[in-house]
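Engineer: Provided herewith is a single structure, encoded as structure tokens, for subsequent inquiry.
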Amino acid sequence: MKFHLILFNFLIINLLTSSPSSSAQSLSTFTSSNSPWQPSQNKTLVSPRSAFAAGFRHFPGSSNLYTFSIWYNNISDQTIVWSANWAIPVQASASLNITSNGQLRLTNGSSGPTIWSTPTSVSSNSTGLILTDDGNLMLGSWQSFDHPTDTFLPNQTFGNDTVLVSRNGKFSFNGSSLVFNGSDSYWTAANSFVSFGVDGLVQHNGGNPIILADFGQNRTRRLTLGDDGNLRFFSFDPDKHSWAIVWVAVLEICRIHGLCGPGYICFSNGLTLSGYECVCPPGFRRSTGSDSCVRKNPIIDMGKSKFLRLDYVNYSGGSNQTSINTLNLANCRSKCRLNQRCLGFGFKYDMFGYCVLQLDRLLNGYWSPGTEMTFYLRVDYSETDPSNFTGMSEVLNTTCPIQFSLPDPSAESDRTTRNIIIITILFTTEIAGAGLLFWAFLKRYVKYRDMAQTLGLGLLPTSGPKRFSYAEIKLATKDFSEENIIGKGGFSDVYIGKLQDSRPVAVKCLKNVTGGDAEFWGEVTIIARMHHLNLVRLWGFCNEKGRRILVYEHVPNGSLDKYLFRSSHNVSDGIDTTNETEAMIGLKQKPILDWNIRYRIALGVARAIAYLHEECLEWVLHCDIKPENILLGDDFCPKVADFGLSKLKKKEQIVTKSRIRGTRGYLAPEWVKNDSITSKVDVFSFGMVLLEIVTGARNLIQGPSAVASEEWYLPHWAFEMAIEERRMEEILDCQIKHAYDDKVHFKLIDRMVKTAMWCVQERAEMRPSMGKVAKMLEGTVEIMEPPKPTIFFIAGDN
């Protein structure tokens, strides 16, 4: 009984999954004698080698409607490449006939209207309908290749009148431009398409050919215009039995017009090339009667309306836009406010006064950092919705913003004398109060002076960090439990904890520390005086029972190496580069840093090191600059860690080290040449980090090069590719190589690479100071062509 049940299920599955042509009558040609051809006859016209088949197919989602189509016969999904009546599917009573004058005609029923037919002027020596192995349906001189629908096949040629139309009828492609609704062009090729072959080479009219991603592999290919308006080349992977996208016209799907209705903002989900969603901007809601966004609160008085800032948002409304030249944002806003038809305006902070007024309708809205545009949406003054499109431009500043305001001058009055008297009384009262407070301070100072000296507090600055008890530290770290440990090293262990006021902290327990209390307090004093946006802040310390502990701020996004090298522990040649000051949390999936964020990280780190070298009262060398010691905050603002723990000297002195300090791969040549150690050792380490930010590869791990591994050197290879051979794209991080735009990113990345080359010069005197390095990255000083770095290695352990 059980065997019969299994056999029955197997037969049912075979019936449900069998292709529509598996039980069909195969024809090599269809003639007038075979007419009429009806869907119920289950016939298929098959090409000589069975590559393609033609016949009636069920319309998607319907069991009683059909289209006369051509599809791949030797592929499991049997993708349709041509259809005579996709827009008007026919019923089961429809028929396809070859008339006496050689015309192919599709009618909806025996006496119904003609749905589709070939021209009557077609000359024919034969009345037979055939299908070639190229997928071309032919009847005499008429052929389907001259009348494509949404798909173009190899060996098919684009003529002057050839047009691809998406199945939903909204989008078209004429060989050079993608168009929405017949007139709204949103993408144009450099040269018109002509044809393409199975090898993946696409011919252009007068231009260099396009080489598809899998060029050289003879595969089944097609060019299809999808219902989302994007044009894609597909290649069938026989191993995976699926279609793979090997070229796409519009990389950002939301730049296609018509995906969302009026008022909407198209937002790419970032997961696939075709994934997107339509959202209403703040102050708007979805309309119940149409596919559009309408205002929640209509603008009653245009003169009192306000504007909501939408970063990286743009509306490309065609004729509904007016471009004007203006000097600043205020002038652009004023132009829009004075125009009753203006629904908002776009503005670029590019020093060229790019200002666009959006009139009458909000069309083709989309969000993309590549727009470099900020759109100011006009809403009623009573609107309370906040802007939900805040860009990174507000949170990635690497300098501390200072806001101040000046009070308006008060009007003159006859009460000047009374005001002077009041001010005099208040001033006298303040002086008296200050005197009393100073007297009380002196009285208490004498009492507690000896106690402060005993505890060592006299060595700390008055604005120093908080002194924690050992009991507080144990409570914050859950008695230093293993689940709270986030880093181990030869110098210290790091735990994550939470103070009683719920602030998260990173607790560094120092070990094997030489020197007495005076040296420890000296280091804590130096670190406490370091105040810079790009340095990790020291919040407190503990020195009880022989334990020396530092309490740092919690940096939530972890260390830079987790984003560059995409692994939790980066090990090279058996050396674990994990540092106790790495990420303060561990995210399972790190986002990919784009070029602008990488540039801001490099600039922030350069400014921090320049601050340590040139702006502190004491000259501070870091001696261990690497991605593990660069932490990223909530806004991806970089913060340098592990500074101030090396031996400190005055600026005028030169530091000498009895042993190497740092990490192999980032050490300057001075460490092994017994040369004087200066601030240029940090410059060398920063140059290595800067190259890793650009390439996304460890400097100790061989990159994409044919050079033998024992001779490969990251600066040497990057110099040959980017500067000697001018092939900048060869060294870019493959994680975001696809986002590289030569016009937008070349100057920025070229500045980073050339700066790095100057930093990694073998001779210390040839390297610039960190202050000049920061200016080179900012673009405020000219960068000369750097010499080629000398290959340099430090072998052995740290």
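Engineer: Counting just the residues of the range 180-210 that are in contact with a Gly (Cβ under 7 Å, 6 or more places away or on another chain) and without any contact (Cβ under 8 Å) to a residue 24 or more places away in the chain, which one comes out farthest from ILE256 (Cα to Cα)? Give the steps one after another, and end with the answer.
Structural biologist: So in the range 180-210, the residues in contact with a Gly (Cβ under 7 Å, 6 or more places away or on another chain) come out as 180-181, 184, 190-193, 199-200.
This time we only want the ones that are without any contact (Cβ under 8 Å) to a residue 24 or more places away in the chain, so: 190-191, 199.
Numbers: ALA190: 18, ASN191: 20, ASP199: 29 Å.
Only one residue fits best here, namely ASP199.
Engineer: Go through the residues of the range 572-595 one by one and say whether even a single one is at pLDDT below 90, surrounded by fewer than 23 Cβ atoms within 10 Å (Cβ to Cβ), acidic (Asp, Glu) and over 30 Å from the mean Cα position of the chain (by Cα).
Structural biologist: yes
Engineer: From the residues in the range 146-169 that are buried (at least 20 other Cβ atoms within 10 Å of the Cβ) and at pLDDT below 95, which one is farthest from ALA249 (Cα to Cα)?
Structural biologist: Selected residue: GLN156.
Engineer: Evaluate the following for VAL250: is it in a loop (DSSP other than H, G, I, E, B) and either of a type in the set (Val, Ile, Thr) or buried (at least 19 other Cβ atoms within 10 Å of the Cβ) (or both)?
Structural biologist: Answer is yes for this residue.
Engineer: Next question. Look through the range 194-231, keep the residues that are of a type in the set (Gly, Ala, Ser) and surrounded by 15 or more Cβ atoms within 10 Å (Cβ to Cβ), and return whichever of them is farthest from GLY275 (Cα to Cα).
Structural biologist: Our first condition is that a residue be of a type in the set (Gly, Ala, Ser); within the range 194-231, this holds for 195, 197, 200, 206-207, 213, 216, 226, 229.
Pick out the ones that are also surrounded by 15 or more Cβ atoms within 10 Å (Cβ to Cβ) and you get 195, 200, 226, 229.
Working: SER195: 29, GLY200: 26, GLY226: 13, GLY229: 13 Å.
Ranking the candidates gives SER195 first.
Engineer: Within the range 527-545, does at least one residue satisfy the condition of being small (Gly, Ala, Ser) and either within 18 Å of LEU631 (Cα to Cα) or at pLDDT 80 or above (or both)?
Structural biologist: Yes: one or more hits.
Engineer: Follow-up. Quick one: is GLY435 of a type in the set (Gly, Ala, Ser), outside the structural domain of ILE299 (by TED's automatic domain parsing) and at pLDDT below 75?
Structural biologist: Considered against the rule, which asks whether it is of a type in the set (Gly, Ala, Ser), outside the structural domain of ILE299 (by TED's automatic domain parsing) and at pLDDT below 75, GLY435 comes out as no.
Engineer: Considering only the range 128-169, how many residues are more than 42 Å from the chain's Cα centre (by Cα) and among the acidic types (Asp, Glu)?
Structural biologist: 1
Engineer: Search the range 200-220 for residues being in a strand (DSSP E or B) and out of contact with any Leu (no Cβ under 8 Å at 6 or more places or on another chain), and hand back the single one that is farthest from ASP133 (Cα to Cα). Spell out how you get there, then give the answer.
Structural biologist: The initial filter retains those residues of the range 200-220 that are in a strand (DSSP E or B), namely 201-204, 210-211.
Among the residues that remain, those that are also out of contact with any Leu (no Cβ under 8 Å at 6 or more places or on another chain) are: 203-204.
Values: GLN203: 21, HIS204: 24 Å.
Among those residues, the one meeting the criterion is HIS204.
Engineer: Does SER111 satisfy the condition of being out of contact with any strand residue (DSSP E or B) (no Cβ under 6 Å at 6 or more places or on another chain) and either surrounded by fewer than 20 Cβ atoms within 10 Å (Cβ to Cβ) or at pLDDT below 95 (or both)?
Structural biologist: yes
Engineer: Let me ask another. If ASN191 satisfies all but one of (1) part of a strand (DSSP E or B); (2) surrounded by fewer than 18 Cβ atoms within 10 Å (Cβ to Cβ), what's the number of the condition it fails?
Structural biologist: (1)
Engineer: Looking only at strands (runs of 3 or more DSSP E) that fall completely inside the range 289-405, which ones have 1 or more residues that are within 31 Å of the chain's Cα centre (by Cα) and at pLDDT below 90?
Structural biologist: So the answer is 321-325, 354-359.
Engineer: Give the range 138-155 a look and list any residue that's farther than 17 Å from ALA51 by Cβ and either outside any loop (DSSP other than H, G, I, E, B) or small (Gly, Ala, Ser) (or both), or say none.
Structural biologist: Selection gives LEU139, GLY140, SER141, TRP142, ASP146.
Engineer: Of everything in the range 600-616, what is at pLDDT 95 or above and hydroxyl-bearing (Ser, Thr, Tyr)? Give them in sequence order.
Structural biologist: None - no residue of the range 600-616 is at pLDDT 95 or above and hydroxyl-bearing (Ser, Thr, Tyr), so the list stays empty.
The values are calculated or read from the model by the stated rules, or taken from the named source; none is laboratory data. Fair warning: this is a prediction, and the values are worked out from it, not measured in the lab. Please note: Cβ atoms are built from the backbone with ideal geometry, for glycine as well, and neighbour counts cover all protein chains shown.
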